[in-house]
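Structure record follows, encoded as structure tokens.
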Amino acid sequence: MKVFEIVQGSTSLDGLRLAERPKPSAGPGQVLVRIRAVSLNYRDLAVVQGKYFGGAVPRNLIPLSDGAGEVEAVGDGVTAFAPGDRVVATFTQGSPPAALGSPLDGTLAEHVVFPESGLLKIPEHLSFEEAATLPCAGVTAWNALMEGKITRPGDTVLTLGTGGVSILALQIAKAAGARVIVTSSSDEKLARAKALGADATINYRRTPNWDQEVLALTSGRGADHIVEVGGAGTLPRSLHAVAQRGEIVLIGVLTPPSGDLNPHALMPKNATLRGVFVGDKPMFEALMRAIEVNRIHPVVDQVFDFESAPDAYRRLQSAQHFGKLVIRV
Ligand SMILES: NC(=O)c1ccc[n+]([C@@H]2O[C@H](COP(=O)([O-])OP(=O)(O)OC[C@H]3O[C@@H](n4cnc5c(N)ncnc54)[C@H](OP(=O)(O)O)[C@@H]3O)[C@@H](O)[C@H]2O)c1
């Protein structure tokens with residue numbers, strides 16, 4: 001079968017190459033999936049560049065965590081799935097949990113074998129391309145808004161940027177009846193966010209003190225939930241923009257530290273800073289129910305052919321995308 005591999009020790013996109021591997025088969029308790037679509041996350045760029053946890057990959061590794069496809073065969077004892085079922089894989093697999101695409105071989109392959117416990121059925125209204133956007137970015141956005149301080153109708157949610165996590169967070173927040181403020185470096189992307197339901201937008205290049213703008217837009221209250229994908233560089237402004245009893249969900253690592261990071265602002269506001277690392281299978285199941293009931297269609301920026309996988313990585317690196325980048329397998 002055809003796969004892409006990151007060659008051992010890779011530190012750049014040049015380390016990504018097309019390869020052949022034997023087609024796997026399903027053992028007891030396992031499911032063989034014909035992969036149809038995969039999606040990229042910011043993390044996947046870090047893995048091929050040798051910048052992810054642990055540094056460069058220690059062996060030739062099939063990249064990407066997120067994949068959707070159809071069941072081709074099931075092993076002995078599998079009861080939850082049958083050939084023909086449309087499925088999507090969870091970000092981590094097995095026990096103790098390990099993530100696809102590093103350290104485990106990932107989904108950028110024609111076939112992958114998963115344990116039965118590592119798959120969910122895809123709601124009927126979603127395509128393979130849409131379902132493939134969910135295991136990392138979707139579950140992370142769900143965890144951010146629904147598993148700590150729960151987003152309630154009327155809450156204000158602030159999402160930073162318009163990448164995969166933030167746009168899924170916008171869609172989940174709107175389904176929950178929240179008011180959503182979106183920031184971006186691009187007016188064109190902000191217009192697209194408005195079309196998806198964003199209530200207010202801020203261009204963080206033109207308005208570098210976007211925290212002040214968030215306070216102005218909320219009559220001084222601030223945001224109840226902040227989807228903090230920027231990390232160390234944006235956190236000081238998030239600390240300023242968070243509301244009384246609000247929650248900043250620390251997700252991303254996009255920006256380097258800028259000056260002193262003083263957590264003191266949390267104290268008088270009784271606010272919370274919560275770290276999130278994707279989420280577990282029950283969270284993914286809850287997300288799927290929300291997506292099904294609310295007929296949410298995740299936003300796919302562009303779909304690439306399998307052979308053009310390196311171009312998908314390049315677009316991710318350029319940060320020109322809005323929402324998710326997908327490769328059809
Ligand atoms: N903790 C976890 O479990 C977890 C899970 C998923 C992702 N992440 C992390 O979350 C971050 C986002 O991931 P992703 O997959 O959504 O990335 P992505 O699709 O590549 O999105 C990146 C977007 O972030 C925005 N951005 C960059 N610098 C910014 C800044 N200074 N202020 C505000 N926005 C900024 C840009 O939006 P505009 O183009 O609109 O300006 C950019 O397009 C990454 O650091 C990733 O590693 C963590």
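The values are calculated or read from the model by the stated rules, or taken from the named source; none is laboratory data. This is a predicted model, so every value here is computed, not measured. Counting neighbours? That spans all protein chains shown, and the Cβs are built from the backbone with ideal geometry, glycine included.
If you go through region 213-237, how many residues are within 11 Å of the ligand (Cβ to nearest atom), among the small types (Gly, Ala, Ser) and in contact (Cβ under 8 Å) with a residue 40 or more places away in the chain?
1
I need a count of the residues in region 44-76 that are more than 12 Å from LEU108 (Cβ to Cβ) and out of contact with any helix residue (DSSP H, G or I) (no Cβ under 9 Å at 6 or more places or on another chain).
Of the residues in region 44-76, 10 are more than 12 Å from LEU108 (Cβ to Cβ) and out of contact with any helix residue (DSSP H, G or I) (no Cβ under 9 Å at 6 or more places or on another chain).
Which pairs turn up if I take residues in region 126-144 that are assigned by TED's automatic domain parsing to the domain that holds LEU158 and within 12 Å of ALA286 (Cα to Cα) and look for partners that are at pLDDT below 95 and small (Gly, Ala, Ser) with beta carbon separation below 8 Å, at least 6 apart in sequence or on another chain?
Correct list of pairs: empty, since none qualify.
Can you tell me how many residues within region 183-201 are aliphatic (A, V, I, L, M), touching a residue at least 12 places away in the same chain (Cβ under 8 Å) and over 14 Å from THR218 (Cβ atoms)?
The qualifying residues number 4.
Can you name every residue in region 168-220 that is buried (at least 24 other Cβ atoms within 10 Å of the Cβ) and hydroxyl-bearing (Ser, Thr, Tyr)?
THR183, SER184
Can we say ALA243 is more than 13 Å from the ligand (Cβ to nearest atom), crowded, with 17+ Cβ neighbours inside 10 Å and aliphatic (A, V, I, L, M)?
So ALA243 passes the test.
With respect to the numbered conditions (1) within 15 Å of the ligand (Cβ to nearest atom); (2) in contact (Cβ under 8 Å) with a residue 40 or more places away in the chain, which one is the sole condition not fulfilled by ALA309?
(1)
Just checking, how many residues over region 207-224 are part of a helix (DSSP H, G or I) and of a type in the set (D, E, K, R)?
Number satisfying all stated conditions: 2.
Restricting to region 64-92, and then to whatever is surrounded by 15 or more Cβ atoms within 10 Å (Cβ to Cβ) and among the polar types (S, T, N, Q), can you tell me which residue is farthest from LEU119 (Cα to Cα)?
Among residues in region 64-92 that are surrounded by 15 or more Cβ atoms within 10 Å (Cβ to Cβ) and among the polar types (S, T, N, Q), the one farthest from LEU119 (Cα to Cα) is SER65.
Quickly run through region 77-98 and pick out the residues that are out of contact with any helix residue (DSSP H, G or I) (no Cβ under 7 Å at 6 or more places or on another chain), among the small types (Gly, Ala, Ser) and either within 15 Å of VAL278 (Cα to Cα) or not assigned by TED's automatic domain parsing to the domain that holds ALA319 (or both).
ALA98
Sort through THR159, THR140 and tell me the only one that's out of contact with any Lys or Arg (no Cβ under 6 Å at 6 or more places or on another chain), of a type in the set (S, T, N, Q) and part of a strand (DSSP E or B).
Only one candidate passes the filter, namely THR159.
Does PHE284 satisfy the criteria of being of a type in the set (Phe, Trp, Tyr), at pLDDT 95 or above and farther than 25 Å from GLN93 by Cα?
no
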